[in-house]
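Reviewing the structure listed below.
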Amino acid sequence: MNKKLIKEVKRSFKTQFKDKDKPLLIFSPGRINLIGEHTDYNDGFAFPAAINKGIALAISKSDSKKSKAYALNKEEMYEFDLEGIAPLNKGGWRNYILGVVAELQNFGKTVGNFNSVFAGNIPGGAGMSSSAALENSFVYGLNELFDLGLTKHEMILISQKAEHNYAGVKCGIMDQYASMFGIKKSALLLDTRTVESEPYKIDFKDYKLMLINTNVKHDLSESAYNDRREVCEKVSKLLNIVALRDASKEDLDKIKSDISEEDYQKARYIINENNRVLEFSEAIQKDDINTLGDLLYQSHEGLSTKYKVSCAELDFLVDRAKENENVLGSRMMGGGFGGCTINLVKKDEFKKFKKEVSKKFRQAFETDCSVYSVKLAQGTQIVN
Ligand code: GLA
């Protein structure tokens, strides 16, 4: 499927720019996350993996006085000056590209003008990090094209800054990391403090991962995300620690009377979720598939009732999974307020559950959910 995407981007590049030179071609994947949600900006652990869906980019140097980016899916062209870049009001996809260029400049790198075409096959708003894939494709492409000499670690920090300063989301590093460093058939036990990971070959035996997209993205997602981050930082400060990763339940209980019940519950969630990631990795090592499922349900419970980043549609999907004995575990994935659930479903029963849950979802919300299976794939790479 990606071959097709890459071909389309290549063809469109030719049409748009009539360039005789062949462009550099990059593929940058989206990600899933097995467990460890909202832990990344708390210096904690997460368990993401790059997937076989993402962004394909064709890019080449240009002699023109402007740079050009063409969004093939939207059929929109954007031309801009490399000097005086600032975030656009309601700029959508443009801001990710502007952000990457501007953050490269802030890092002291000189980028020349370029022509580019990109397209993606990650459903937008699904919580599968199409934005990190887009940022990484450009930072990787520009690094290569203009010989900037950046390491992958530097590149993902630039992508993250683009997200902070040009998309306005104070995200952690999980998405950009997974998209850049993904390994085929593996998930990455990521320590977001050291920004290093350990790959785990994933084999769920008789089970496989199913993503169910609610196809909704509730409006408050961005502001709520930044609010959650602020709460975590406030509680860390009170505890006199760098981040909630360093706190235990006992530490938190000592300041319980100094914070609101809501903030207490949110911090509690982070401490629990961080521990769950480590338990999850142990269960994988022991081939203890039932524990994996339980941990997914516990994670959702925390995200929904303590951290409060779920929504009716996501809760509905997790409840339907709980009712079905062929589903071992289920939880919302990503930032929340819409997007996907990630489910561990018995291989033989995959189709049946898909049919069943889709029907129930339609009855409840009068709109369709979408079901995907994904493969764990390699991170951002040149595909020429
Ligand atoms: C979004 C952010 C990530 C992470 C997740 C929640 O995807 O971009 O940094 O915080 O939400 O785990």
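Consider LYS266 against the criteria (1) basic (Lys, Arg); (2) open to solvent by 60 Å² or more (accessible area, probe 1.4 Å); (3) touching a residue at least 24 places away in the same chain (Cβ under 8 Å): it satisfies all of them except one. Which criterion is unmet?
Failed condition: (2).
If PRO87 satisfies every condition in (1) surrounded by 22 or more Cβ atoms within 10 Å (Cβ to Cβ); (2) farther than 26 Å from ALA49 by Cβ but one, which is the exception?
Unmet for PRO87, out of (1) surrounded by 22 or more Cβ atoms within 10 Å (Cβ to Cβ); (2) farther than 26 Å from ALA49 by Cβ: (1).
Taking the stretch 28-71 as the search range and keeping residues that are among the basic types (Lys, Arg) and within 16 Å of the ligand (Cβ to nearest atom), which one is most open to solvent (accessible area, probe 1.4 Å)?
My answer is LYS53.
Which one of ALA71, ALA58, ALA126 is at pLDDT below 95 and either hydrophobic (A, V, I, L, M, F, W, C) or more than 28 Å from ILE212 (Cα to Cα) (or both)?
Of ALA71, ALA58, ALA126, the one residue that is at pLDDT below 95 and either hydrophobic (A, V, I, L, M, F, W, C) or more than 28 Å from ILE212 (Cα to Cα) (or both) is ALA126.
Quick one: would you say ALA50 is more than 30 Å from SER248 (Cα to Cα) and at pLDDT 95 or above?
Judged against the criteria, ALA50 is a match.
Where the second residue is in a strand (DSSP E or B) and open to solvent by 30 Å² or more (accessible area, probe 1.4 Å) and the first is farther than 25 Å from TYR225 by Cα and modelled with pLDDT of 95 or more and lies in the stretch 318-334, which pairs have Cβ atoms under 7 Å and are six or more apart or on separate chains?
Going by the 7 Å Cβ cut-off, the qualifying pairs are ASN326/LYS346; LEU328/TYR207.
Please go through the stretch 128-152 and give me each residue that is within 13 Å of MET180 (Cβ to Cβ), in a loop (DSSP other than H, G, I, E, B) and open to solvent by less than 20 Å² (accessible area, probe 1.4 Å), ordered by number.
SER129, LEU150
Hey, among the residues in the stretch 211-235 that are among the polar types (S, T, N, Q) and at negative phi, which one's most open to solvent (accessible area, probe 1.4 Å)?
Only one residue tops the list, namely SER223.
So which residues in the stretch 156-179 are assigned to a helix (DSSP H, G or I), over 18 Å from ILE85 (Cβ atoms) and in contact (Cβ under 8 Å) with a residue 40 or more places away in the chain, if there are any at all?
Within the stretch 156-179, MET174, ASP175, GLN176, TYR177, ALA178, SER179 qualify.
Of all residues being small (Gly, Ala, Ser), outside any helix (DSSP H, G or I) and over 24 Å from the mean Cα position of the chain (by Cα) in the stretch 236-263, which is surrounded by the fewest Cβ atoms within 10 Å (Cβ to Cβ)? Just the residue, please.
Of everything passing the filter in the stretch 236-263, SER260 is surrounded by the fewest Cβ atoms within 10 Å (Cβ to Cβ).
When you scan the stretch 115-127, do you find a residue that is within 13 Å of the ligand (Cβ to nearest atom), in contact with a strand residue (DSSP E or B) (Cβ under 9 Å, 6 or more places away or on another chain) and part of a helix (DSSP H, G or I), even just one?
no
The values are calculated or read from the model by the stated rules, or taken from the named source; none is laboratory data. None of the values given here were measured: they were computed from a predicted structure. Positions of Cβ are backbone-derived with ideal geometry, glycine not excepted, and every protein chain shown enters the neighbour counts. The area values use the complete protein model at the heavy-atom level, side chains included, leaving out ligands, DNA and RNA. Shrake-Rupley method; radii C 1.70, N 1.55, O 1.52, S 1.80 Å.
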